[in-house]
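*Asks:* My questions all concern the structure below.
The values are calculated or read from the model by the stated rules, or taken from the named source; none is laboratory data. Source: prediction; values computed, not measured. When we count neighbours, we look across all protein chains shown, and the Cβ atoms used for this are built from the backbone with ideal geometry, even at glycine. Just the protein is used for accessible areas: all its heavy atoms, side chains included, with ligands, DNA and RNA removed. Shrake-Rupley method; radii C 1.70, N 1.55, O 1.52, S 1.80 Å.
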Amino acid sequence: MRTLAAVPPQKQKRIALETDDIYAPLAYRLGMHHLAGELHDLSFPYLHPKESEWLKKSATEHYERRHTYLEKLKPMGEEKLKEHNLKPIKIDFRAKRISSLYEKLLRHDMDIEQIYDLVAVRLIFETSAECYAALGIIHKYWPPLPGRIKDYVAMPKPNNYRSLHTTIIGPDERLVEIQIRTQEMHDENEY
């Protein structure tokens, strides 16, 4: 798939369709989520060329703007957690995959402003107790968006994905998705 551009055009779409319909779902089913996402993303420009070009242009600006905002929010969050004796192992940002973004945009009338997890903050702690404590602290300083708190730790997804998700109303009234999990959950979710 990474070298599909070198294949004759008449074969590109067939191979991309086969990969998107068979191999990516199979990888996902086997728990190889990173590989499944990469296969979907590699197939996407061949299956949806116009949409792919549009997303590259419009999403890039939104990604950059949200990433810059989250970089400013990160030290505030670290300070609030530190005040309560919580120190995450790691804080990073996760950008939504292009194919996944497109599927979500279809459900939201192609309005990219309605996609709160375009770039999400990911907090990784040692224990589940720290994860729940961090969720409470975050909500103490930034209110959650009603209906946007999801506890996949107590009730994992069918594929055993575990994480706490919340969408908060951050500084400047901007919405931010935060994912909170342990290192063990993160490794299992990703790999």
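*Asks:* For the chain, what is the relative contact order in percent, using Cα pairs closer than 8 Å and at least 6 residues apart in sequence?
*Replies:* After rounding, I find 19 percent.
*Asks:* On average, how much accessible surface per residue is there in segment 130-191, in Å², for a 1.4 Å probe, leaving out ligands, DNA and RNA? Intermediate values should be presented prior to the final figure.
*Replies:* Values: 3090 Å² over 62 residues.
With all protein chains present, segment 130-191 gives 50 Å² per residue.
*Asks:* Using label points projected 7 Å from each Cα along Cα→Cβ, tell me how many nm separate Tyr191 and Asp109, to one decimal.
*Replies:* Spacing of the two 7 Å Cα→Cβ label points: 4.3 nm.
*Asks:* Work out from phi, with θ = phi - 60° and the Karplus expression 6.51 cos²θ - 1.76 cosθ + 1.60, the ³J(HN,Hα) of each residue of segment 105-113, listed in order in whole Hz, and give x for Gly and Pro.
*Replies:* With coefficients 6.51, -1.76 and 1.60, one gets 4, 4, 7, 10, 6, 6, 9, 5, 5 Hz.
*Asks:* Take Tyr46, Tyr28, Tyr191, Tyr69 and sort them by solvent-accessible surface of the protein heavy atoms, 1.4 Å probe, largest at the top.
*Replies:* In descending accessible area the options line up as Tyr191, Tyr28, Tyr46, Tyr69.
*Asks:* Please report the Cα spread of segment 53-144 along all three principal axes, rounded to whole Å, starting with the longest.
*Replies:* The Cα atoms of segment 53-144 stretch 46, 23, 23 Å along their principal axes.
*Asks:* Follow-up question, since we're still on this one. So how exposed is Glu184, as accessible area in Å² (1.4 Å probe, rounded to 10)?
*Replies:* My reading of the accessible area for Glu184 is about 130 Å².
*Asks:* Just to make sure I understand: if all protein chains stay in place, what is the order of Arg14, Arg29 by accessible area at 1.4 Å, largest first?
*Replies:* Result, largest first: Arg29, Arg14.
*Asks:* Next question. Which percentage, to the nearest 5, of the DSSP beta bridges contained in segment 51-191 is antiparallel?
*Replies:* The antiparallel proportion sits near 75 percent.
*Asks:* Could you point to the residue in Tyr69, Leu106, Leu47 farthest towards the positive end of segment 44-133's charge dipole, with +1 and -1 charges on the Cβ of Lys/Arg and Asp/Glu respectively?
*Replies:* Toward the positive end, the furthest listed residue is Leu47.
*Asks:* Report ³J(HN,Hα) in whole Hz for each residue of segment 146-155, in order, from the Karplus equation J = 6.51 cos²θ - 1.76 cosθ + 1.60 where θ = phi - 60°; Gly and Pro get x.
*Replies:* x, x, 10, 9, 10, 10, 8, 7, 5, 10
*Asks:* Compute the distance from the alpha-carbon center of segment 118-191 to that of segment 72-96, in whole Å.
*Replies:* So the two Cα centres are separated by 12 Å.
*Asks:* 5 Å is the cut-off here: which amide hydrogens, built 1.01 Å from N in the peptide plane, fall below it relative to Ser163, excluding neighbours closer than 5 in sequence?
*Replies:* Distant-sequence amide H within range of Ser163: Tyr152, Val153.
*Asks:* Across the Cα atoms of segment 1-111, what radius of gyration and what greatest pairwise Cα-Cα distance (Dmax) are found, in Å?
*Replies:* 18.1, 60
*Asks:* List the pairs from Lys11/Lys104; Lys57/Lys96; Lys74/Lys96; Lys11/Lys96; Lys80/Lys104 whose alpha-carbon separation is above 26 Å, in the order I gave them. Provide the component values of the computation, followed by the final result.
*Replies:* Numbers: Lys11/Lys104 28 Å; Lys57/Lys96 15 Å; Lys74/Lys96 19 Å; Lys11/Lys96 28 Å; Lys80/Lys104 32 Å.
Over 26 Å apart, Cα to Cα: Lys11/Lys104; Lys11/Lys96; Lys80/Lys104.
*Asks:* Sticking with this structure for a sec: Using only the alpha-carbon atoms of segment 103-147 as identical scatterers, what base-10 log of I(q)/I(0) does the Debye formula give at q = 0.14, 0.16, 0.31, 0.34 Å⁻¹?
*Replies:* Reported log10 I(q)/I(0), two decimals: -0.51, -0.63, -1.10, -1.17.
*Asks:* Please list 3J(HN,Hα) in residue order for segment 42-51, calculated via the Karplus relation 6.51 cos²θ - 1.76 cosθ + 1.60 where θ = phi - 60°; whole Hz, with x for glycine and proline.
*Replies:* Ordered by residue, 3J(HN,Hα) equals 5, 6, 3, x, 7, 8, 9, x, 5, 5 Hz.
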